[in-house]
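All remarks here apply to the structure that follows.
The values are calculated or read from the model by the stated rules, or taken from the named source; none is laboratory data. Quick caveat, the model's predicted, so the values are computed rather than measured. All Cβ positions, even for glycine, are placed from backbone atoms using ideal geometry, and neighbour counts span all protein chains on display. For accessibility, only protein heavy atoms count, side chains too; no ligands or nucleic acids. Shrake-Rupley method; radii C 1.70, N 1.55, O 1.52, S 1.80 Å.
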Amino acid sequence: MKAKILETENVTVSFDGFKAINQLNFSMDVGELRVVIGPNGAGKTTFLDVITGKVQPTVGRVLFKGKNLRSLSEHQIARLGIGRKFQTPRIYLNLTPRENLEITSNRHKNVFATLFKASQPAEKNYIKGLLETVGLTPKADIPAALLSHGEKQRLEIGMLVAQSPDLLLVDEPVAGLTDEETHNIGELLLTLAQNHSILVIEHDMEFVRQIARQVTVLHEGSVLCEGNFSEIQNDPRVIEVYLGQQQE
Ligand code: ADP
Ligand code: MG
């Protein structure tokens, strides 16, 4: 059996009695790319909030690499190796993509590495490679404010990777993007999935089709079903709660 990177056991999150997450049992393996879909209000964002420690489970537990995250702060959980990309990019607009990546990767190194940064060719090479991976080499040295929305999303995914988390959480990365940019983000996540564990929350079904291996469908705070894209697509319960709603 493969090692688990993330498990939730019977997790419930109540807001004044309303169960945004309801007895949720979920697990994913080390190295997996998992997509979680579900209609609006299904509990997808709350699911990420409970993994990252932004909200505490009312009942149940969240395990990261087998360790119970209960009562750890968001900061402590991030330090353990869970990185999160929010829906809206949070990059430094007045800095270049290269500088954005340098800052993020330095933050997690020791003082020596930061002080002697100028003499750190390994670091420079790493950033160069990362710019290549996210497709921003031609725009590496212009202010990030001048990037398109899709390029900003790719930069922020790069910043997430620069923190070297063991698990990447990505919330709706293609909302509001053109088809071409959506495809680019998909290719980027597939590339990153070769050596990262990634959990993607998504709404856009074309995008899910492009990147999906194992898909989990959330509905009313619980797992409705899991399977590959075509199993999910043809499941009558999914059509009813999710695809049906999209076509309205
Ligand atoms: P999704 O991301 O799948 O659209 P959310 O996790 O944002 O769903 O929300 C799930 C449900 O929980 C929604 O009905 C939402 O209104 C409710 N909810 C989320 N956060 C809070 C909160 N802080 N207080 C009260 N209700 C909340
Ligand atoms: Mg959401």
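Here are a few things to note about the model shown:
- Within the stretch 21-47, the set of residues being in a loop (DSSP other than H, G, I, E, B) and within 16 Å of ligand 2 (Cβ to nearest atom) comprises GLY38, PRO39, ASN40, GLY41, ALA42, GLY43.
- Within the stretch 72-87, being free of Cβ contacts under 8 Å to residues at least 40 places away in the same chain and either open to solvent by 90 Å² or more (accessible area, probe 1.4 Å) or not aliphatic (A, V, I, L, M) (or both) holds for SER73, GLU74, HIS75, GLN76, ARG79.
- Hits in the stretch 1-39 - residues which are surrounded by fewer than 19 Cβ atoms within 10 Å (Cβ to Cβ), of a type in the set (Gly, Ala, Ser) and within 19 Å of SER222 (Cβ to Cβ): SER14, GLY17, SER27
- Of all the numbered requirements in (1) touching a residue at least 24 places away in the same chain (Cβ under 8 Å); (2) charged (D, E, K, R); (3) not in a loop (DSSP other than H, G, I, E, B), ARG90 misses one, and that requirement is (3).
- Qualifying residue in the stretch 65-74 (condition: assigned to a loop (DSSP other than H, G, I, E, B) and within 15 Å of the chain's Cα centre (by Cα)): no
- Considering residues of the stretch 140-155 that are open to solvent by less than 20 Å² (accessible area, probe 1.4 Å) and assigned to a helix (DSSP H, G or I) only, the residue nearest to LEU95 (Cα to Cα): ALA144
- The stretch 179-224: number of residues that are open to solvent by 60 Å² or more (accessible area, probe 1.4 Å), without any contact (Cβ under 8 Å) to a residue 60 or more places away in the chain and not polar (S, T, N, Q): 6
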